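Report on the following structure.
The values are calculated or read from the model by the stated rules, or taken from the named source; none is laboratory data. Predicted model only: the values in this text are computed from it and were never measured. Cβ coordinates were reconstructed from backbone atoms using ideal geometry, including for glycine residues, and neighbour counts include every protein chain displayed.
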Amino acid sequence: MPNDLNNFRKNIYTNSGVKPCPGYGEDGVLTEIFRQIGVSQKPLCVEFGELRVLGTTTRAFRIKYLAKALYFSGSMDFRSRCLNFLDICKITFSSKNVKFMKFLWNQPKKLFASTNNIGEIVREFSRSNEIDLFVIDIDSFDFEIVYELLTLRIRPRVLVVEYNPSFPKNRSLYWTAMNTKTNSINLRLYGASYEAWEKLMKTYGYLLVHVSGFCNLHYIRGDIKHDFIKPIIEDEITDTNEKVILFAEKNCLPGFRPSWLSQPYLTESDMTSLNSY
């Protein structure tokens, strides 16, 4: 009987650190994915755009398997470093497992990724070992980064990418590194559409198994056996403010709203700055 990953949505590790970390129900989803497909001998995960050592999307995988992680972001402030130290202390003492102390030497770092350096960064981290989970969430030229990884034959077992529900779901649109963000630009302009990701992932043999509201698409590499059903995007996409709020109230921290929610819906004129895939 095929599995629907919507049945496993649960924020298991939201309070693992000293302050709650956002969640979209993906702790339970990723726990079930790896329960079924298994993990590598040396579990590895990568998450772009993450400041917390017990990060938003990969935390369930990292905590459950004590996985080595490459977390990085274009910024890293003193407050985040302090929180990371305290997060590690809390989970070590609360779990009574000193193995979590190894996270002290494997924390998020300040590093700006581009299509020119991403292959070298990831290969240096993995050192030819397989990457179990790869998450990218930089609210920008995510599509070009993933495209570069895949063309370089870097193929994580599970790949989680952020789609933009404000873009038409049936058009292959994406934001490029050549675009410039300004204070006057609509915050709904970022990332890539559902259709752009579907076309790219199909080309490289990935299968969609879960849609996380206004945020993430979860793909499993095609050579890995599983019985998860493909979600129906029309049932999952949060392409109106009402749908966004409903999803947030069901699956996120109390009061959480995406930063772009107050912005006007996109027009055809707004989308002339996007590329097509």
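Some points to look at:
- The lone criterion from (1) under 22 Å from Lys230 (Cα atoms); (2) of a type outside the set (A, V, I, L, M, F, W, C); (3) crowded, with 18+ Cβ neighbours inside 10 Å left unmet by Lys10 is number (3).
- Every test in (1) in a loop (DSSP other than H, G, I, E, B); (2) at pLDDT 95 or above is passed by Ile138 save one, and that test is (2).
- Which listed residue, of Asn170, Asn186, Asn241, is under 14 Å from Leu266 (Cβ atoms) and touching a helix residue (DSSP H, G or I) at 6+ places or on another chain (Cβ under 6 Å): Asn186
- Helices (runs of 4 or more DSSP H) wholly inside the range 24-114 that include at least 2 residues being among the hydrophobic types (A, V, I, L, M, F, W, C), modelled with pLDDT of 90 or more and under 27 Å from Asn7 (Cβ atoms): 26-37, 59-65
- Of the residues making up the range 229-242, those that are free of Cβ contacts under 8 Å to residues at least 24 places away in the same chain and within 29 Å of Asn15 (Cα to Cα) number 2.
- Residues being surrounded by 12 or more Cβ atoms within 10 Å (Cβ to Cβ) and among the basic types (Lys, Arg) - total across the range 75-122: 4
- Scanning the range 195-210 for residues that are under 28 Å from Asp270 (Cα atoms) and within 14 Å of the chain's Cα centre (by Cα) yields a count of 1.
- Yes/no for Leu159 being in contact with a Lys or Arg (Cβ under 6 Å, 6 or more places away or on another chain), surrounded by 15 or more Cβ atoms within 10 Å (Cβ to Cβ) and either assigned to a helix (DSSP H, G or I) or at pLDDT 95 or above (or both): no
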